[in-house]
Amino acid sequence: NNTKHEICQPSASAQFQSIRAYGYDIPRAIADIIDNSITAKANNVWIVHNFNDDNPNQSQIAIIDDGDGMNKEELFNGMRLHAKNPLDDRDEDDLGRFGLGLKTASLSQCKILTVRSKKSNDDNTRCWDLDYVDECDEYRLIKGPRTKKSSRMLKLLDKFDHGTIVLWENLQQDFEEIDEINEEHFERLMGEAKAYCELMFHRFIGIEGKLNIYLTNLKNFSKNPIKLKSVDPFLKNKSEIIGPELLDKNSIKSITYILPYHSNLSENEKKQLDSIHGRLKHQGFYVYRNKRLLLAGGWLNLGFNQHGSTNLTRIALDLPNNVDIDWKLDVTKSEVIPPNRLRKPLKKLAQLAIDRAKNVLTHKARSVTRKLKQDTFM
């Protein structure tokens, strides 16, 4: 090939800074790491946090799993930016897509990302330190842990024959100068991550799945971690269920749930339905890819508004994992846009569900008025 050319590589420092700006928050970033654990066939995942009083940004967060683990070459590849082509065919249980999740999710939250992984007799640790990459402006992947403090956390993997630990250090959180508020802020973030994962992975940690996810701190790792409990956003045992219906050449399954009227709910059930964003925001479509919830509510820009009168409507859509580009799934897995050809059938589905839910509400309103009238004449 005689084409005149020169190699024009991106600046390492600039490239890393740009992947930090994908708009993750801590819960979503942690969930993205857990996706990798599921793909690695883990049975157990631990979210471990270690708060640092003296310097809150020196606190640590780790996600540990007992999955297949990676050998030296796989770890090297996993730490590489853009490790996979999003166009490649993937194993149908694979929850990743861009080969970016580990790096974008982690480095949106921290400046030092260390991964230790064990597979067969292969045990390796690799680390990205963004300040170091800035200094040398080269893709220098550090062999081994960065500090003694890193080693303490990474040692937790000693308990397993195979698996992976992803460690975040030098956290980039807006901690205040005052101490006691910081620990509360950190605990709140961990609580939010717990609630988020209980919803997003509800089909993995619930009846359908066999995954255990735990939340714990470094001290209590072996003692009494908190086990995450599956949240059922559809209250299946009490709701009216319509479907399943198949869409898009039978590749997508939809089930509609009409929730019971709020006066028929226990406090615990109300809490399940309020979940992380409150009931109003959780109405609408629930989009799953391989059982993993990507979108918990919203009307997919189909022209419906989140309104009190449509609050009893929830529609589950199960997508296979080869329609990502079709559905414009973004790197953070937080936005999905249905392809044009599906707008009409999805709109029809939504309209039917909304009409049915409004029926329940008017029926309820009527019976309440009837009861009021009776009470007045008594």
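The values are calculated or read from the model by the stated rules, or taken from the named source; none is laboratory data. Computed from a prediction, not measured in an experiment: that's the story for all the values here. Note: ideal-geometry Cβ built from the backbone for every residue, glycine included; neighbour counts use all protein chains shown. Accessible surface areas use protein heavy atoms only, side chains included; no ligands, DNA or RNA. Shrake-Rupley method; radii C 1.70, N 1.55, O 1.52, S 1.80 Å.
All but one of (1) open to solvent by 40 Å² or more (accessible area, probe 1.4 Å); (2) touching a strand residue (DSSP E or B) at 6+ places or on another chain (Cβ under 7 Å); (3) closer than 23 Å to Arg341 by Cα hold for Lys227; which doesn't?
Of everything listed in (1) open to solvent by 40 Å² or more (accessible area, probe 1.4 Å); (2) touching a strand residue (DSSP E or B) at 6+ places or on another chain (Cβ under 7 Å); (3) closer than 23 Å to Arg341 by Cα, Lys227 misses just condition (3).
Taking Cys8 as meeting all but one of (1) assigned to a loop (DSSP other than H, G, I, E, B); (2) open to solvent by less than 30 Å² (accessible area, probe 1.4 Å), write down the number of the exception.
For Cys8, the failing item is (2).
Check the range 159-172 and report whether any residue there is modelled with pLDDT under 90, touching a helix residue (DSSP H, G or I) at 6+ places or on another chain (Cβ under 8 Å) and surrounded by fewer than 15 Cβ atoms within 10 Å (Cβ to Cβ).
For the range 159-172, residues modelled with pLDDT under 90, touching a helix residue (DSSP H, G or I) at 6+ places or on another chain (Cβ under 8 Å) and surrounded by fewer than 15 Cβ atoms within 10 Å (Cβ to Cβ): present.
I'm checking my understanding of the structure. Among residues of the range 342-378 that are among the hydroxyl-bearing types (Ser, Thr, Tyr) and either open to solvent by 50 Å² or more (accessible area, probe 1.4 Å) or modelled with pLDDT of 85 or more (or both), which one is farthest from Lys253 (Cα to Cα)?
Per the stated criteria, the residue is Thr376.
Within the range 200-214, which residues are surrounded by 20 or more Cβ atoms within 10 Å (Cβ to Cβ) and either in contact (Cβ under 8 Å) with a residue 60 or more places away in the chain or in a loop (DSSP other than H, G, I, E, B) (or both)? Please lay out each step first, then the result.
Taking the range 200-214 first, the residues surrounded by 20 or more Cβ atoms within 10 Å (Cβ to Cβ) are 200-202, 204-205, 211, 213.
The answer is Met200, Phe201, His202, Phe204, Leu211, Ile213.
Restricting the search to the range 274-296, which residues are over 12 Å from the mean Cα position of the chain (by Cα), hydrophobic (A, V, I, L, M, F, W, C) and open to solvent by 10 Å² or more (accessible area, probe 1.4 Å)?
Ile276, Leu280
Starting from residues that are of a type outside the set (Phe, Trp, Tyr), under 15 Å from Ile337 (Cα atoms) and part of a loop (DSSP other than H, G, I, E, B), keep the ones in the range 297-319 and report whichever is most open to solvent (accessible area, probe 1.4 Å).
Among those that are of a type outside the set (Phe, Trp, Tyr), under 15 Å from Ile337 (Cα atoms) and part of a loop (DSSP other than H, G, I, E, B), it is Asn301.
When only residues in the range 44-66 that are in a loop (DSSP other than H, G, I, E, B) and at pLDDT below 95 count, which is most open to solvent (accessible area, probe 1.4 Å)?
If we take residues in the range 44-66 being in a loop (DSSP other than H, G, I, E, B) and at pLDDT below 95, then Asp54 is most open to solvent (accessible area, probe 1.4 Å).
Quick test of your reading of the structure: Lys41 fulfils all but one of (1) within 16 Å of Leu102 (Cα to Cα); (2) within 22 Å of the chain's Cα centre (by Cα); (3) open to solvent by 40 Å² or more (accessible area, probe 1.4 Å). Name the failing condition by number.
(1)
Among the numbered criteria (1) assigned to a helix (DSSP H, G or I); (2) open to solvent by 10 Å² or more (accessible area, probe 1.4 Å), which one does Glu138 miss?
(1)
Contact list please: Cβ distance under 7 Å, first residue in the range 15-34 and open to solvent by 50 Å² or more (accessible area, probe 1.4 Å), second residue hydrophobic (A, V, I, L, M, F, W, C), pairs at least six apart or on different chains.
Once the first residue is open to solvent by 50 Å² or more (accessible area, probe 1.4 Å) and sits in the range 15-34, its partners that are hydrophobic (A, V, I, L, M, F, W, C) give Tyr22/Val331.
Would you check if there is a residue in the range 265-273 being surrounded by 17 or more Cβ atoms within 10 Å (Cβ to Cβ) and within 19 Å of the chain's Cα centre (by Cα)?
Filtering the range 265-273 for residues surrounded by 17 or more Cβ atoms within 10 Å (Cβ to Cβ) gives 269, 272-273.
Those left that are additionally within 19 Å of the chain's Cα centre (by Cα): 272-273.
Scanning the range 265-273 turns up at least one residue that is surrounded by 17 or more Cβ atoms within 10 Å (Cβ to Cβ) and within 19 Å of the chain's Cα centre (by Cα).
Can Thr216 be described as of a type in the set (Ser, Thr, Tyr) and out of contact with any His (no Cβ under 9 Å at 6 or more places or on another chain)?
no
Would you check which residues across the range 238-260 are among the small types (Gly, Ala, Ser), in a loop (DSSP other than H, G, I, E, B) and farther than 18 Å from Thr310 by Cα and list them?
Kept after step one, since they are among the small types (Gly, Ala, Ser), are these residues of the range 238-260: 239, 243, 251, 254.
Of the ones still in play, those that are also in a loop (DSSP other than H, G, I, E, B) are 239, 251.
Correct list: Ser251 only.
Considering (1) part of a helix (DSSP H, G or I); (2) open to solvent by less than 60 Å² (accessible area, probe 1.4 Å); (3) not polar (S, T, N, Q), say which one Glu184 fails and leave the rest.
The number of the failed condition is (2).
List the pairs whose first member sits in the range 220-242 and is free of Cβ contacts under 8 Å to residues at least 40 places away in the same chain, whose second member is open to solvent by less than 60 Å² (accessible area, probe 1.4 Å) and among the small types (Gly, Ala, Ser), and whose Cβ atoms are under 7 Å apart, counting only residues at least 6 apart or on separate chains?
Ser230/Gly206
Does Thr104 satisfy the criteria of being open to solvent by less than 30 Å² (accessible area, probe 1.4 Å), β-branched (Val, Ile, Thr) and in a strand (DSSP E or B)?
no
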